[in-house]
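The block underneath contains the structure these notes are about, expressed in structure tokens.
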Amino acid sequence: MAIDIMKLVRRNILDLTPYSSARHEFEGRASVFLDANENAFGSALPENYNRYPDPLQWQFKFQLARIKGVPAENIFIGNGSDEVIDLAYRIFCDPAKDNVIVCPPTYGMYEVSGHINDVAVRKVPLDANFQLDIPAIMDATDAQTKLLFICSPNNPTGNNMRRADIEFLLNNFNGIVVIDEAYINYSSQKTFIAELTEYNNLLVMQTLSKAWGLAALRLGLAYGSMDLIDLFNKVKPPYNINEASQQLGLEALQHTEQVNEWIRITVAERARVVKALQAMTVVENIFDSAANFLLVRVSDAHALYAYLASNEIVVRNRSKEPGCENCLRITIGTPGENDDLIKTLQAYTKDHGK
């Protein structure tokens, strides 16, 4: 489905003249750069960081394009996915007027960013199976609903959303559908990147923080139509991705075989941890996961969380999330870390099991 996304954009954004650096405006080759008031002598570091980075990260995007099979012009790089989320609000949502839809339990920054931008956040909870409630989402939508956030695989539940449900929303939701695929590398479900040519209201978010192991670099990825990506480039800070992150990210993209091996090990370890948990009487339910973590319902999440912490193992207590009472979210670690987790849980079960 094609919609006129420009009708969704805030008027001040449509009228905005973006900041343009001299190197945006300059065409041709140059050997002397006297345009940006940089320190021409270099820096005190071994690397040459005295020059501002490429504002549009083209070298990084070209390599990413080869891996993903998407034109570089359809890629936006954010300072983490959180910047992508924040910019989506800034582009499409008039404060104190528009609204967005989120489907809890889900990633918390969708709601936090809404509050920061003074945009109403309408919550449509997932159903009992942690799937999208399509009728409720459509009922919650009105003329001022600009964004719909869908996390698949979902955080903290770990499950994929039904593809047919997402496709229905892409065809019937008259706003921007943001699909957060931060954990897609661990899933057998196909990415929605391939659907970009069919839906101009689709924005797919991914990240290099999870499977690629680059959480410290803050490299969030977004894929969309050229019109959509142009809007993000229009409103982003001129140099939102620093040179060190660009260069280290580019280097990491050369090692897809290593990343694929880590993914294979993680998926196998996920199955091993599930099998071990199934034998523990303090574990009441292990929810199906297509991510690098498990959501586990236990007899007393607060007590078990404290016990693990006392043994220097940190997990996430998600008990306050809708439908996640007495649930811990446990990341799949290295085989050695998983051994430590299993042994500690077995000791707890011995003392507290039924």
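The values are calculated or read from the model by the stated rules, or taken from the named source; none is laboratory data. Keep in mind that what you see is a predicted model, and the values were worked out from it rather than measured. Cβ sites come from the backbone with ideal geometry, for glycine too, and all protein chains shown count toward neighbours.
Descriptive notes on the structure:
- Subset of the stretch 83-121 (residues that are among the small types (Gly, Ala, Ser), within 27 Å of GLY158 (Cα to Cα) and surrounded by fewer than 19 Cβ atoms within 10 Å (Cβ to Cβ)): GLY108, ALA120
- Of ILE77, ILE91, all but one fail to be among the hydrophobic types (A, V, I, L, M, F, W, C) and either in a strand (DSSP E or B) or in contact with a Cys (Cβ under 7 Å, 6 or more places away or on another chain) (or both); the exception is ILE77.
- Yes/no for TYR52 being in a loop (DSSP other than H, G, I, E, B) and under 21 Å from GLU251 (Cβ atoms): yes
- Matching residues in the stretch 302-320 - criterion: being crowded, with 18+ Cβ neighbours inside 10 Å and within 15 Å of PRO156 (Cα to Cα): VAL315, ASN317, ARG318
- The number of residues in the stretch 321-346 that are of a type in the set (Ser, Thr, Tyr) and not in a helix (DSSP H, G or I) comes to 2.
- Residue list for the stretch 255-282, restricted to those being closer than 20 Å to GLU325 by Cα, surrounded by 12 or more Cβ atoms within 10 Å (Cβ to Cβ) and without any contact (Cβ under 8 Å) to a residue 60 or more places away in the chain: VAL274
- Residues in the stretch 197-237 that are of a type in the set (A, V, I, L, M, F, W, C) and assigned to a helix (DSSP H, G or I): ALA215, ALA216, LEU217, MET226, LEU228, ILE229, LEU231, PHE232, VAL235.
- Within the stretch 23-35, being surrounded by 12 or more Cβ atoms within 10 Å (Cβ to Cβ) and either at pLDDT 90 or above or farther than 30 Å from ILE176 by Cα (or both) holds for ARG23, PHE33, ASP35.
- Listed by first and then second residue, the pairs with beta-carbon distance under 6 Å, at least 6 apart or on different chains, first residue in the stretch 301-320 and outside any helix (DSSP H, G or I), second among the small types (Gly, Ala, Ser) and surrounded by 12 or more Cβ atoms within 10 Å (Cβ to Cβ), are ASN317/ALA301; SER319/ALA301.
- Of all residues in the stretch 238-286, those satisfying the criterion of being part of a loop (DSSP other than H, G, I, E, B) and of a type outside the set (A, V, I, L, M, F, W, C) are PRO238, TYR239, ASN240, ASN242, GLN254, HIS255, THR281.
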